[in-house]
Amino acid sequence: MKTIFIICIIIVIVVLLLSVLTTSKAYQYKHTVDPIKKPDELPSNEKVTEKDT
């Protein structure tokens, strides 16, 4: 009975450590945003025509 309890405690500690490491790594991730393209940089099929506005 004592060995099962120790194994359970070890599993809980491992899961807790993994979740803390994963969360801290997720907060360190740097998100980037693509710059907005100017109308003259758009491909010809995406250009805004006067019909669309």
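General observations
- With the simple spin-label model, which puts each label point 7 Å out from Cα in the Cβ direction, the L18 to K38 separation comes to 5.1 nm.
- A simple spin-label model places the labels of I4 and K30 5.1 nm from each other, with each point 7 Å out along Cα-to-Cβ.
A short reminder: the numbers here are calculations on the coordinates, not readings from a lab. Computed from a predicted structure; not experimentally measured. Neighbour counts are summed over all protein chains in view; Cβ atoms, including those assigned to glycine, are modelled from backbone coordinates with ideal geometry.
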